[in-house]
Structure formats: structure tokens, C-alpha cells
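The values are calculated or read from the model by the stated rules, or taken from the named source; none is laboratory data. Everything numeric in this text was worked out from a predicted model, so none of it was measured. In this analysis, Cβ positions are derived from the backbone assuming ideal geometry, glycine residues included, and neighbour counts consider all displayed protein chains. Accessible surface is based on the protein model in full, side chains and every heavy atom, while ligands, DNA and RNA are left aside. Shrake-Rupley method; radii C 1.70, N 1.55, O 1.52, S 1.80 Å.
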Amino acid sequence: MIPNTVSYSGLGSRWVEIPRKGDYPIVEWSDWSLMKIQFEFLVAHENDGLFADVAVQLDQLRRMSQRKNPVSVFGMDRLFELQVKRASRTGRALQFVIAAFTIQSQRRTVELGPKEITAAQCSMTLQEIPIEEMSL
């Protein structure tokens, strides 16, 4: 299921205060902040919650979260796709690493045998990877 509530952080820049003598400290720009996106979503089959398990979907999400490869998110809002400060230079979608991933089981199968998960609430945190084009 598509998440409705998504939390975006790290959208601004970092500024540091440089202490100096007197009453006038200096504030200086330091660097760009990397965006972090945190959201929760439900993994379940439509019109089912008691018989069809979601083990294959959960295994795929676990494999994705344990890889070093970046991920891109499509079909969501423009904050997932375009980073304003780099868009004019790269023209590419944002890439993220899955920084944190948790699964909370909600329901299990009612049939005899192993009680597999039929619905799970998942939480994921994505950390931006800067896409830079460098010429040597």
C-alpha cells in the first residue's frame, strides 16, 4: 500500500556559528544537508488478511535493505525525484540508500501449520546519496 504520511528532513543547508571576540559572532554557510525520508506502509494482499501470506514481498524488501546498491523511488511526489540544488546539473532522479527498515507483523494466517504473516506494517528511512558528475 502507498504511504500517505511521509516525513522529509534535511531539505536546507547547514550554517555554523563562528565565535569571535566582541558582540558579533559570524554565521557562515557550511554545506548542503542530505535529505532523509521516513515513511510507513502496509504490506498485505487486497481483500485478504487471513489466508494469503506476504512472505515473498517481505523477503524482497529485506534483500533490498541489506544491499549496498542505491534505490530510486518513482510514482510518488517530486521530492522523491528531484533535488533542487543538483537538478540543473544532473537531470537525474534522486538515489537513496535504505538506512533503516523495520517490520511489525499485524496478522497471521488462520490455517493449520506455520503461522505466516498476512499483513505487516513496515517503516523505512531513506538517506540521499548525492549524484555528482565529476570530470577529471
Quick check on region 51-73. Is at least one of its residues modelled with pLDDT under 80 and not small (Gly, Ala, Ser)? no
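Just to verify a result, which residue in region 36-48, among those that are surrounded by 10 or more Cβ atoms within 10 Å (Cβ to Cβ) and over 20 Å from Thr102 (Cβ atoms), is farthest from the chain's Cα centre (by Cα)?
Of region 36-48, the ones surrounded by 10 or more Cβ atoms within 10 Å (Cβ to Cβ) are 36-45, 48.
Within this subset, residues satisfying the condition of being over 20 Å from Thr102 (Cβ atoms) are 45, 48.
Working: His45: 22, Asp48: 27 Å.
Out of the qualifying residues, it is Asp48.
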Members of region 29-55 found to be free of Cβ contacts under 8 Å to residues at least 60 places away in the same chain and not in a strand (DSSP E or B), listed by number: Ser33, Glu46, Asn47
I'd like the residue in region 5-24 that is in contact with a Phe, Trp or Tyr (Cβ under 9 Å, 6 or more places away or on another chain) and among the polar types (S, T, N, Q) and, out of all such residues, is nearest to Leu126 (Cα to Cα). Ser7
State all residues of region 1-18 that are modelled with pLDDT of 85 or more and out of contact with any strand residue (DSSP E or B) (no Cβ under 6 Å at 6 or more places or on another chain); if no residue qualifies, say none. Thr5
Residue ID - farthest from Ala100 (Cα to Cα), chosen from residues in region 9-28 that are part of a strand (DSSP E or B) and open to solvent by less than 60 Å² (accessible area, probe 1.4 Å): Ser13
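Every residue in region 58-78 that is outside any loop (DSSP other than H, G, I, E, B), surrounded by 15 or more Cβ atoms within 10 Å (Cβ to Cβ) and not hydrophobic (A, V, I, L, M, F, W, C), please.
Within region 58-78, the first condition is being outside any loop (DSSP other than H, G, I, E, B), and the residues that meet it are 58-65, 71, 78.
Subset that is surrounded by 15 or more Cβ atoms within 10 Å (Cβ to Cβ): 58, 61, 65, 71.
Ser65, the sole residue that qualifies.
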